[in-house]
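Trainee: Here it is, the structure in full.
The values are calculated or read from the model by the stated rules, or taken from the named source; none is laboratory data. Worth saying up front: this structure is predicted, and the values here are computed from it rather than measured. With ideal geometry, Cβ positions are generated from the backbone for all residues, glycine too; neighbour counts draw on all protein chains shown.
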Amino acid sequence: MRFELIDRVVERSDDRIKAVKAVTNAEEYLADHFPGFPVLPGVMMLETLVQAGRLLVGPLLDGQGPMVLVLVRNIRYGNMVKPGQCLEVEVTVRKQQGSRFDLQGEGKVDGQVAVQGRFSLDTLEAILS
């Protein structure tokens with residue numbers, strides 16, 4: 001199963017992207033997280049940051065292969081994201097070393113931080129070599 005979490009890109013530059021994930025009751029994983037009190041799981045908030053990061057840095061590598069998550073640091077969670085709300089994410093490039101990108105991400109709902117932290121993406125080819 002493939003989860004496409006980014007609903008739209010709001011803004012993009014060479015080193016920063018802003019995107020939105022709208023959370024709806026139609027998302028299957030919400031039925032189990034938590035029954036009677038659905039909230040977007042933390043791992044899905046992180047995955048939203050990762051997908052935004054891939055949209056940001058993927059074009060810079062000009063088809064060198066899929067970008068995979070290689071490191072997560074200092075992830076902190078704040079507010080919950082419920083159906084009917086939008087998770088607004090912003091990801092910036094902190095550093096690039098070859099095909100590896102160190103990124104900083106933050107996701108907010110109604111102006112309040114829901115997720116923030118640092119993570120790194122690299123090409124699958126670079127990891128396997």
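Trainee: Regarding the stretch 64-77, can at least one residue be identified that is buried (at least 16 other Cβ atoms within 10 Å of the Cβ), among the aromatic types (Phe, Trp, Tyr), in contact (Cβ under 8 Å) with a residue 24 or more places away in the chain and under 22 Å from Phe3 (Cα atoms)?
Mentor: Among the residues of the stretch 64-77, not one is buried (at least 16 other Cβ atoms within 10 Å of the Cβ), among the aromatic types (Phe, Trp, Tyr), in contact (Cβ under 8 Å) with a residue 24 or more places away in the chain and under 22 Å from Phe3 (Cα atoms), which makes the answer no.
Trainee: Taking only pairs six or more apart or across chains, which ones have beta-carbon atoms under 6 Å, a first residue in the stretch 108-123 that is touching a residue at least 12 places away in the same chain (Cβ under 8 Å), and a second residue that is in a loop (DSSP other than H, G, I, E, B) and buried (at least 18 other Cβ atoms within 10 Å of the Cβ)?
Mentor: Val109/Val81; Val109/Gln85; Ala114/Val81; Asp122/Ser99; Thr123/Ser99
Trainee: In the stretch 72-124, which residues are in contact with a Ser or Thr (Cβ under 8 Å, 6 or more places away or on another chain), over 19 Å from Pro41 (Cα atoms) and not small (Gly, Ala, Ser)?
Mentor: Arg100, Phe101, Asp102, Leu103, Gln104, Asp122, Thr123
Trainee: Just to be sure I understand, how many residues within the stretch 7-26 are part of a loop (DSSP other than H, G, I, E, B) and crowded, with 16+ Cβ neighbours inside 10 Å? Before the answer, list the steps.
Mentor: We begin by selecting, within the stretch 7-26, every residue part of a loop (DSSP other than H, G, I, E, B); these are 7, 13-15, 23-26.
With crowded, with 16+ Cβ neighbours inside 10 Å added as a condition, the list becomes 23.
Final tally of qualifying residues: 1.
Trainee: Residues being at positive phi and assigned to a loop (DSSP other than H, G, I, E, B): count how many of those fall in the stretch 63-80. Lay out the reasoning, then the answer.
Mentor: Here is the first cut: in the stretch 63-80, the residues at positive phi are 63, 65, 74.
Going one step further and asking which of them are assigned to a loop (DSSP other than H, G, I, E, B), we end up with 63, 65.
Of the residues in that region, 2 qualify.
Trainee: Exactly one condition in (1) touching a helix residue (DSSP H, G or I) at 6+ places or on another chain (Cβ under 8 Å); (2) part of a strand (DSSP E or B) is false for Lys108; which is it?
Mentor: (1)
Trainee: Can you spot a residue in the stretch 16-36 that is closer than 19 Å to Arg118 by Cβ and not basic (Lys, Arg)? Break it down into steps so the answer makes sense when it comes.
Mentor: Residues of the stretch 16-36 closer than 19 Å to Arg118 by Cβ: 16-19.
Adding the requirement that they be not basic (Lys, Arg) leaves 17, 19.
So far as the stretch 16-36 goes, yes, one or more of its residues are closer than 19 Å to Arg118 by Cβ and not basic (Lys, Arg).
Trainee: Hey, another quick one. Which of (1) in contact with a strand residue (DSSP E or B) (Cβ under 6 Å, 6 or more places away or on another chain); (2) over 20 Å from Ser120 (Cβ atoms); (3) surrounded by 12 or more Cβ atoms within 10 Å (Cβ to Cβ) is the odd one out, the single condition Met80 does not satisfy?
Mentor: So Met80 meets the others, but not (1).
Trainee: Sticking with this one: For residues in the stretch 114-127 being part of a strand (DSSP E or B) and over 14 Å from the mean Cα position of the chain (by Cα), which is modelled with the lowest pLDDT? Can you show your working first?
Mentor: The initial filter retains those residues of the stretch 114-127 that are part of a strand (DSSP E or B), namely 114-123.
Still in the running and over 14 Å from the mean Cα position of the chain (by Cα): 122-123.
Numbers: Asp122: 97, Thr123: 94.
It comes out as Thr123.
Trainee: Which of the residues spanning the stretch 86-101 are under 16 Å from the mean Cα position of the chain (by Cα) and crowded, with 17+ Cβ neighbours inside 10 Å? Quick ask: steps written out before the conclusion?
Mentor: Residues of the stretch 86-101 that are under 16 Å from the mean Cα position of the chain (by Cα), as a first pass: 86-94, 101.
If the condition is that a residue be under 16 Å from the mean Cα position of the chain (by Cα) and crowded, with 17+ Cβ neighbours inside 10 Å, then Leu87, Glu88, Val89, Glu90, Val91, Val93, Phe101 are the ones that fit.
Trainee: Quick check on the stretch 28-62: of everything there that is assigned to a helix (DSSP H, G or I) and of a type in the set (Val, Ile, Thr), which residue is surrounded by the fewest Cβ atoms within 10 Å (Cβ to Cβ)? Can you show your working first?
Mentor: Quick first cut of the stretch 28-62, residues assigned to a helix (DSSP H, G or I) only: 28-31, 42-61.
Next, from what is left, pick out any that are of a type in the set (Val, Ile, Thr): 43, 48, 50, 57.
Values: Val43: 11, Thr48: 28, Val50: 21, Val57: 23.
Only one residue tops the list, namely Val43.
Trainee: What are the residue pairs meeting all of these: first residue in the stretch 84-95, first residue touching a residue at least 40 places away in the same chain (Cβ under 8 Å), second residue of a type in the set (A, V, I, L, M, F, W, C) and surrounded by fewer than 18 Cβ atoms within 10 Å (Cβ to Cβ), Cβ atoms under 7 Å, and 6 or more apart or on different chains?
Mentor: Cys86/Val20; Cys86/Ala22; Glu88/Val20
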